[in-house]
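The values are calculated or read from the model by the stated rules, or taken from the named source; none is laboratory data. Please read these numbers as outputs of a predicted model, since none were measured by experiment. All Cβ positions, glycine included, derive from the backbone under ideal geometry; neighbour counts span all protein chains shown. Only protein heavy atoms, including side chains, enter the accessible area calculation; ligands, DNA and RNA are left aside. Shrake-Rupley method; radii C 1.70, N 1.55, O 1.52, S 1.80 Å.
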Amino acid sequence: KQPIAANLRARDFLPAQPNEAWVTDITYISTSSGFLYLVVFIDLFSKKVVGWSARTHMRADLCLDALKQAIVFRNPNPGLIIHSDRGCQYASHGFAGFLEQCGFKQSMSRKGNCWDNAPAESFFGSLKTELINRKSWPSPAAAKDAIGEYIHSFYNHKRLHSANGYQSPVDYEHNQQKEKAYMAA
């Protein structure tokens, strides 16, 4: 019953610059003492995880905390497109109102269509294959610590992406910035 935003991405996964379009999604991780819910915000330009949060619930503030972290980290300009599925967390008045307050544009996939959110789904697939499914997790806190290490020490800095010409997200952004400066000179 909450408002649904139009799909502004239309499977365009190649923005021209950082902070033009981010995708977000939520997944869950099973631990011996309950579920951990993880939300990520990924910059489509480099596939870099720019914000994330993990908790034992999946209320809207889980998403807002991750988004606020990404804003502090990236300092995006108004006009940034935030694309998600139609989950109640993203359709909530609190989340949509915050996007409007920041001058960001909300975008949502059609019902039952996950294709426009594929980069977030791909991240979760990599995370679960490369980290989560390799061992059992005694607690949500243990899984959260490992996920933070994976994102900050491996995924953003070392993991190669074919979409980035087999560069890590950090290297891709750095090299694109150098190339842009060279072309401007």
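Do we find a residue being of a type outside the set (Asp, Glu), part of a helix (DSSP H, G or I) and touching a helix residue (DSSP H, G or I) at 6+ places or on another chain (Cβ under 6 Å) anywhere in the range 144-165?
If we filter the range 144-165 for residues that are of a type outside the set (Asp, Glu), which is where we start, we get 144, 146-148, 150-165.
Cutting the leftovers down to part of a helix (DSSP H, G or I) gives us 144, 146-148, 150-155, 162-164.
Next cut, touching a helix residue (DSSP H, G or I) at 6+ places or on another chain (Cβ under 6 Å) only: 164.
Yes, the conditions are met somewhere in the range 144-165.
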Run SER84 past the list (1) open to solvent by 10 Å² or more (accessible area, probe 1.4 Å); (2) within 16 Å of the chain's Cα centre (by Cα) and report the number of the one that doesn't hold.
(1)
Residues of the range 40-72 that turn out to be in contact (Cβ under 8 Å) with a residue 40 or more places away in the chain and among the polar types (S, T, N, Q), as a count:
2
Out of everything in the range 111-133 that is more than 24 Å from PRO169 (Cβ to Cβ) and loosely packed, with under 13 Cβ neighbours inside 10 Å, what residue ends up being modelled with the lowest pLDDT?
GLY112
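Would you please name the residue that is farthest from GLY94 (Cα to Cα), looking only at residues in the range 18-39 that are open to solvent by 40 Å² or more (accessible area, probe 1.4 Å) and in contact (Cβ under 8 Å) with a residue 40 or more places away in the chain? Give the steps one after another, and end with the answer.
If we filter the range 18-39 for residues that are open to solvent by 40 Å² or more (accessible area, probe 1.4 Å), which is where we start, we get 18, 20, 28, 30, 32-33, 35, 37.
Subsequent filtering for residues that are in contact (Cβ under 8 Å) with a residue 40 or more places away in the chain retains 18, 20, 30, 32-33, 35.
Numbers: PRO18: 25, GLU20: 22, SER30: 28, SER32: 32, SER33: 30, PHE35: 24 Å.
So the residue we want is SER32.
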Subset of the range 166-185, residues over 20 Å from PHE13 (Cβ atoms) and not in a helix (DSSP H, G or I), comes to ALA185
Within the range 58-65, is there a residue that is at pLDDT below 95, within 30 Å of LYS158 (Cα to Cα) and in contact with a strand residue (DSSP E or B) (Cβ under 8 Å, 6 or more places away or on another chain)?
yes
Please find, among SER53, SER46, the residue that is small (Gly, Ala, Ser), crowded, with 20+ Cβ neighbours inside 10 Å, in contact with a helix residue (DSSP H, G or I) (Cβ under 9 Å, 6 or more places away or on another chain) and not in a loop (DSSP other than H, G, I, E, B).
SER53
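Name the residue, out of LEU99, LEU80, that is of a type in the set (A, V, I, L, M, F, W, C), free of Cβ contacts under 8 Å to residues at least 40 places away in the same chain and closer than 19 Å to ALA66 by Cα.
That would be LEU99, the only listed residue that is of a type in the set (A, V, I, L, M, F, W, C), free of Cβ contacts under 8 Å to residues at least 40 places away in the same chain and closer than 19 Å to ALA66 by Cα.
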For GLN89, which of the numbered conditions (1) among the polar types (S, T, N, Q); (2) more than 13 Å from the chain's Cα centre (by Cα); (3) more than 21 Å from ASN7 (Cα to Cα) fails to hold?
(3)
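Give the number of residues within the range 138-185 that are among the aromatic types (Phe, Trp, Tyr), within 23 Å of THR56 (Cβ to Cβ) and free of Cβ contacts under 8 Å to residues at least 40 places away in the same chain. Break it down stepwise before answering.
Here is the first cut: in the range 138-185, the residues among the aromatic types (Phe, Trp, Tyr) are 150, 154-155, 166, 172, 182.
Now drop any that are not within 23 Å of THR56 (Cβ to Cβ), which leaves 150, 155.
Within this subset, residues satisfying the condition of being free of Cβ contacts under 8 Å to residues at least 40 places away in the same chain are 150.
Number of matching residues: 1.
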Within the range 163-185, considering residues that are open to solvent by 80 Å² or more (accessible area, probe 1.4 Å) and not hydrophobic (A, V, I, L, M, F, W, C), the one farthest from ILE42 (Cα to Cα):
TYR182
